[in-house]
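Worksheet: one structure, shown below.
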Amino acid sequence: METLRDVVVLVHLGGFAVLFGGWVVEALGKRTINRAMHWGLAIAAVAGFALAAPWGDADLNYMKIGIKLVILLVIGALLGIGAGRQRKSADGTPPAVIFWLIGLLTLANAAIAVIW
Ligand code: HEM
């Protein structure tokens with residue numbers, strides 16, 4: 001059971017890596033929203049929900065999990081709105097504030113997970 005939970009944590013970290021890695025590549029490049037970011041968020045979300053269920057012998061901090069969930073939903077909304085806006089924009093990029101908030105909030109969620 002513990003090993004299985006560790007595997008789900010690994011998948012969760014993989015989702016974070018895909019989301020944040022996809023964002024860093026864009027931060028150093030065209031600053032658009034790409035598919036890796038959507039996939040990474042979906043992977044982190046599914047694995048995060050699995051980890052939020054009481055199993056194994058982890059003691060869960062539901063305050064922390066709730067805040068992470070709210071931040072995840074905000075990131076998801078920003079990805080959706082940003083992707084829509086970039087499709088309609090002349091230069092093919094989303095509003096800069098949306099782009100930077102996605103990276104900042106992703107890092108904030110990782111910080112909450114690790115430091116809190
Ligand atoms: C973009 C969104 C997210 C990011 C970047 C993220 C990041 C992380 C990271 C880096 C860890 C590892 C912390 C550690 O092992 O010390 C972690 C653990 C965890 N995350 Fe997330 N997370 C996200 C979303 C979520 C969501 C939505 C949930 C639940 C609904 C969640 C639930 C958890 C739980 C329960 C753990 C602890 C696993 C354990 O027992 O060690 N996460 N998260």
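Residue count for segment 74-111 under the criterion of being touching a Ser or Thr at 6+ places or on another chain (Cβ under 9 Å) and surrounded by fewer than 17 Cβ atoms within 10 Å (Cβ to Cβ): the result is 3. The residue pairs whose first member lies in segment 68-93 and is touching a residue at least 12 places away in the same chain (Cβ under 8 Å) and more than 12 Å from the ligand (Cβ to nearest atom), whose second member is part of a helix (DSSP H, G or I) and not aliphatic (A, V, I, L, M), and whose beta carbons are closer than 7 Å, counting only pairs six or more residues apart or on different chains, are Gly82/Phe99; Gly92/Gln86; Thr93/Gln86. Within the set Leu19, Leu28, the sole residue that is hydrophobic (A, V, I, L, M, F, W, C) and without any contact (Cβ under 8 Å) to a residue 12 or more places away in the chain turns out to be Leu28.
Residue pairs whose Cβ atoms lie under 7 Å apart, sitting 6 or more positions apart in sequence or on different chains, and linking a residue in segment 44-64 that is at pLDDT 95 or above to a partner that is more than 9 Å from the ligand (Cβ to nearest atom), are Ala47/Val11; Lys64/Trp116.
The values are calculated or read from the model by the stated rules, or taken from the named source; none is laboratory data. Computed from a prediction, not measured in an experiment: that's the story for all the values here. Cβ: placed from backbone, ideal geometry, glycine included. Neighbour counts: every protein chain shown.
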